[in-house]
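Have a look at the structure below before the remarks.
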Amino acid sequence: MSATADAAPTTDPIEFVRGLRPEDQEAVLLYLLKEVTRIDGGNGLIPFQTADGEPMGYYVPPKVAAEQFAKSGPRLTPEQRAEVQRRIDQPGKTLSFDQMKEWLTAAEPAAVPERG
């Protein structure tokens, strides 16, 4: 047998992923995000850091993002909510950025919880 045939495939996961096509790397990333969310329970922010402990950021599972938005997002009237939905459904009939900013500024701000 040749030396090439006897060589074991790499066991380094980083090198393995680097050798994948970009679309396969994306599939691995999505799988790992789902897996870490499952392990964590998906109830909080999931921190990411380098092997040296340098913070890289957080993954916010959808459930957590929805809860955070409900706590801190603007409180819209039913009419405002209907208008937002109409604009989502009909993107060609929307306001300019400045008009939208003015409209959202008029919404009642969410209460900021006190730190205890």
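Miscellaneous remarks
- One residue stands out in the stretch 95-110 among those that are over 24 Å from the mean Cα position of the chain (by Cα) and not polar (S, T, N, Q): the one that is modelled with the lowest pLDDT, namely E108.
- The residue of the stretch 37-70 that is surrounded by the most Cβ atoms within 10 Å (Cβ to Cβ), among those that are aromatic (F, W, Y) and more than 28 Å from E108 (Cα to Cα), is Y59.
- A count restricted to the stretch 17-53 and to residues that are farther than 17 Å from V64 by Cα and either touching a Cys at 6+ places or on another chain (Cβ under 7 Å) or of a type in the set (G, A, S) (or both) stands at 4.
- Per the conditions (1) modelled with pLDDT of 80 or more; (2) closer than 30 Å to R38 by Cα; (3) out of contact with any Phe, Trp or Tyr (no Cβ under 6 Å at 6 or more places or on another chain), the sole criterion not satisfied by G73 is (1).
- Taking each residue of the stretch 29-56 that is in the same structural domain as F69 (by TED's automatic domain parsing) and looking for partners that are outside any helix (DSSP H, G or I) and among the aromatic types (F, W, Y) with beta-carbon atoms closer than 7 Å, six or more apart or interchain, yields L33/Y59; L45/Y58; I46/Y58; I46/Y59; P47/Y58; F48/Y58; F48/Y59; M56/F48.
- Answer residue from the stretch 8-29, given it is hydrophobic (A, V, I, L, M, F, W, C) and under 21 Å from the mean Cα position of the chain (by Cα) and is modelled with the lowest pLDDT among those: L29
The values are calculated or read from the model by the stated rules, or taken from the named source; none is laboratory data. Worth saying up front: this structure is predicted, and the values here are computed from it rather than measured. Every residue, glycine as well, gets a Cβ built from its backbone with ideal geometry; the counts of neighbours run over all protein chains shown.
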